């Protein structure tokens with residue numbers, strides 16, 4: 001499947017990590033958010049919204065004008081941890097705000113509110129395959145519903161009892177995707193079947209795959225075949241050189 | 001905007017709800033208007049409320065897939081096994097026809113394995129570490145139930161979860177439609193699974209939205225929702241003359257309110273937009289819709305907002321009712337369970353009523369069905385579900401392809 005990448009945006013909790021990945025000045029302080037809203041939001045939601053805003057700006061596309069796909073393995077994992085501790089400690093009543101901010105579409109909901117975006121907003125999760133499934137869902141929308149779609153992959157660091165492993169987190173990658181065009185930066189994704197691959201033991205990080213693709217789109221001369229799922233699932237992306 | 005031209009046949013479907021294991025007990029409860037809401041037995045809570053709990057013993061997860069073992073996965077397995085395994089058999093037939101790599105899984109859920117995560121946190125509280133059996137990725141993470149079904153059925157196509165609160169599984173079915181219409185998959189197992197857990201019960205209690213008594217959606221004295229649980233699975237296949245006599249998914253509409261995290265837009269503007277998009281995609285006028293299965297949760301605001309939207313879209317009236325007074329509000333599974341209710345309405349010519357309705361809220365200025373009605377001519381049905389974050393979905397099903 002092929003699509004064009006009209007804009008890219010990233011955001012990071014830590015500026016040092018942003019620089020390590022070659023995305024300096026990519027904090028999570030979205031211009032869309034008032035200080036009051038920023039305080040109410042998790043880092044997951046702030047990361048996702050800030051990256052989404054940057055991808056739209058990069059593509060010169062109005063934030064209210066496109067449908068969105070939010071992709072994350074675990075979503076609002078810090079709020080979930082707080083609520084689970086409350087429940088285990090019989091600390092009731094639960095905060096109603098924390099409760100409604102624990103749903104997986106929290107970021108999607110705030111995105112639609114702050115951008116006044118009334119288009120469809122999708123929130124998906126697919127474990128290690130979250131990035132490639134987000135790309136597939138977006139490609140299907142491009143083939144059947146829309147000319148442009150905003151895909152945002154994000155992951156906040158999980159608190160101690162829920163830590164998933166040594167995977168990259170506390171960052172978000174957004175791409176404003178469009179129908180394939182010869183004149184734009186395009187990406188082709190495909191699956192190469194792996195025979196008898198067992199379940200992988202290492203947790204494979206969707207957001208780091210998204211970061212790698214974001215870098216490849218920026219510097220297509222250096223790019224080659226990039227894995228976008230665990231080896232067992234065999235999904236790859238290649239940047240196709242435009243004019 | 002581009003429009004899908006394909007309607008997608010549904011070749012098998014089954015549901016597990018508080019009414020029982022399979023479509024038959026659900027159908028019987030719908031026809032008689034029997035509410036299946038009772039006090040919670042699964043675990044202790046301090047809140048007085050009723051729930052739509054699945055009280056049957058759920059099947060055990062096979063040894064090789066034990067890492068996925070959650071109440072959600074067991075509900076999913078029970079849904080595969082019920083109705084003499086009709087959905088499982090249909091998937092096996094699809095594997096023979098298309099190949100396992102051509103079949104996807106898209107599951108809506110709002111809880112995933114939260115019930116087990118809560119138990120793990122009790123253990124963590126006492127022992128300062130999580131139990132050995134806890135597997136974050138395969139139990140708690142959003143994609144866990146979709147992955148479980150993929151491995152249980154030996155599929156190797158795309159698999160993912162949609163989690164947009166109460167619209168999750170309506171949107172999962174819409175995603176399945178796109179996967180087939182785009183040619184990515186030849187068949188998709190779509191649906192929703194949600195299990196009762198402390199988080200949702202205490203959470204909705206904090207929002208003061210739970211009803212103590214069995215809920216009475218659309219009633220002038222409605223007092224809130226009752227939570228429920230269950231699973232519903234539908235096999236969607238690419239259009240083919242061999243499936244011409246099967247019910248079809250004709251249109252999907254999705255929208256965002258862009259208004260508030262928990263309150264719906266007071267005039268239901270987002271709901272109107274979702275219904276309008278679904279009608280456009282199905283190529284149908286409002287007069288061609290025979291019955292609407294409403295979201296109708298039973299909260300004062302939700303029902304008022306939805307009925308304003310219905311009144312704006314269906315100006316000359318439409319048969320409509322809500323069925324959450326029978327099953328409870330199954331959150332992430334509601335869209336798929338009510339899709340199956342819509343399919344039963346199509347295939348059996350029975351429009352369910354609104355359980356618990358004594359007197360419809362006069363503020364609606366609109367007729368809603370109290371009792372079920374049997375008729376020979378239910379050809380098209382709309383099913384609505386709207387979630388937190390102003391996330392709306394409307395689906396239209398028809399008795400046959402090509403707009404009925």
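The values are calculated or read from the model by the stated rules, or taken from the named source; none is laboratory data. These numbers come from a predicted model, not from an experiment. Note that each Cβ is placed from the backbone with ideal geometry, even for glycine, and that neighbours are counted across all protein chains shown.
Here are the numbers for the structure shown:
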quantity	calculated
Which numbered condition residue B:385 misses (of (1) in a helix (DSSP H, G or I); (2) within 14 Å of chain A (Cβ to nearest Cβ); (3) closer than 23 Å to residue B:247 by Cβ)	(1)
Scan of segment B:122-164 for residues that are touching a strand residue (DSSP E or B) at 6+ places or on another chain (Cβ under 8 Å), in a helix (DSSP H, G or I) and more than 9 Å from chain A (Cβ to nearest Cβ), ordered by number	B:145, B:149, B:150
Matching residues in segment B:30-61 - criterion: being closer than 22 Å to residue B:234 by Cα and in contact with a helix residue (DSSP H, G or I) (Cβ under 8 Å, 6 or more places away or on another chain)	B:30, B:52, B:54, B:56, B:58, B:59, B:60, B:61
Unique residue being in contact with a helix residue (DSSP H, G or I) (Cβ under 6 Å, 6 or more places away or on another chain), buried (at least 18 other Cβ atoms within 10 Å of the Cβ) and under 30 Å from residue A:67 (Cα atoms) when the list is B:398, B:390	B:390
Residue B:79 being touching a strand residue (DSSP E or B) at 6+ places or on another chain (Cβ under 8 Å), in contact (Cβ under 8 Å) with a residue 24 or more places away in the chain and crowded, with 22+ Cβ neighbours inside 10 Å	yes
Residue among A:49, A:83, A:32 that alone is surrounded by fewer than 24 Cβ atoms within 10 Å (Cβ to Cβ) and either within 14 Å of another protein chain (Cβ to nearest Cβ) or part of a loop (DSSP other than H, G, I, E, B) (or both)	A:32
Test for residue A:212: is it modelled with pLDDT of 80 or more and in a strand (DSSP E or B)	no
Only one of A:70, A:99 that is buried (at least 19 other Cβ atoms within 10 Å of the Cβ), within 10 Å of another protein chain (Cβ to nearest Cβ) and in contact (Cβ under 8 Å) with a residue 60 or more places away in the chain	A:70
Condition check for residue A:189: surrounded by fewer than 24 Cβ atoms within 10 Å (Cβ to Cβ) and touching a residue at least 40 places away in the same chain (Cβ under 8 Å)	yes
Verdict on residue A:70 being outside any loop (DSSP other than H, G, I, E, B), more than 20 Å from the chain's Cα centre (by Cα) and closer than 22 Å to residue B:162 by Cα	no
Unmet requirement for residue A:78, which otherwise passes all of (1) in a helix (DSSP H, G or I); (2) more than 7 Å from chain B (Cβ to nearest Cβ); (3) within 30 Å of residue B:281 (Cα to Cα)	(3)
Any hit, segment A:217-226, residues being closer than 19 Å to residue A:17 by Cβ, surrounded by 23 or more Cβ atoms within 10 Å (Cβ to Cβ) and touching a residue at least 40 places away in the same chain (Cβ under 8 Å)	no
Residue within segment B:205-223 that is at pLDDT 95 or above, assigned to a strand (DSSP E or B) and surrounded by fewer than 24 Cβ atoms within 10 Å (Cβ to Cβ) present	yes
Among residues of segment B:264-289, those that are touching a residue at least 40 places away in the same chain (Cβ under 8 Å) and surrounded by fewer than 19 Cβ atoms within 10 Å (Cβ to Cβ), counted	5
Checklist (1) over 18 Å from residue B:175 (Cα atoms); (2) surrounded by fewer than 24 Cβ atoms within 10 Å (Cβ to Cβ); (3) in contact with a helix residue (DSSP H, G or I) (Cβ under 6 Å, 6 or more places away or on another chain) applied to residue A:155, failing item	(2)
In segment A:112-124, the residues that are within 7 Å of chain B (Cβ to nearest Cβ) and outside any loop (DSSP other than H, G, I, E, B)	A:112, A:113, A:121, A:122, A:123, A:124
In segment A:89-108, the residues that are under 27 Å from residue A:203 (Cβ atoms) and assigned to a helix (DSSP H, G or I)	A:98, A:106, A:107, A:108
Filter pass, residue B:51 being part of a strand (DSSP E or B), modelled with pLDDT of 95 or more and either surrounded by 15 or more Cβ atoms within 10 Å (Cβ to Cβ) or touching a strand residue (DSSP E or B) at 6+ places or on another chain (Cβ under 7 Å) (or both)	yes
Single residue of B:91, B:51 found to be in contact (Cβ under 8 Å) with a residue 12 or more places away in the chain, within 21 Å of residue B:175 (Cβ to Cβ) and away from every other protein chain (no Cβ under 14 Å)	B:91
Pick from segment B:173-195, criterion within 11 Å of chain A (Cβ to nearest Cβ), in a helix (DSSP H, G or I) and in contact with a helix residue (DSSP H, G or I) (Cβ under 7 Å, 6 or more places away or on another chain), ranking: farthest from residue A:102 (Cα to Cα)	B:181
Residue that is within 23 Å of residue B:159 (Cα to Cα), surrounded by 24 or more Cβ atoms within 10 Å (Cβ to Cβ), within 7 Å of chain B (Cβ to nearest Cβ) and in contact with a helix residue (DSSP H, G or I) (Cβ under 8 Å, 6 or more places away or on another chain), where the choices are A:109, A:127	A:127
Matching residues, segment A:142-164, being within 8 Å of chain B (Cβ to nearest Cβ) and farther than 21 Å from residue A:209 by Cα	A:143, A:144, A:145, A:146, A:147, A:161, A:162
Residue check, residue A:117 at pLDDT 95 or above, within 19 Å of residue A:153 (Cα to Cα) and in contact with a strand residue (DSSP E or B) (Cβ under 9 Å, 6 or more places away or on another chain)	yes
Members of segment B:233-280 found to be facing chain A (nearest Cβ under 10 Å) and part of a strand (DSSP E or B), listed by number	B:252, B:253, B:254, B:255, B:256
Residue match in segment A:165-178 (condition: in contact with a helix residue (DSSP H, G or I) (Cβ under 8 Å, 6 or more places away or on another chain), at the interface with another protein chain (Cβ under 10 Å from one of its Cβ atoms) and either without any contact (Cβ under 8 Å) to a residue 40 or more places away in the chain or not in a helix (DSSP H, G or I) (or both))	no
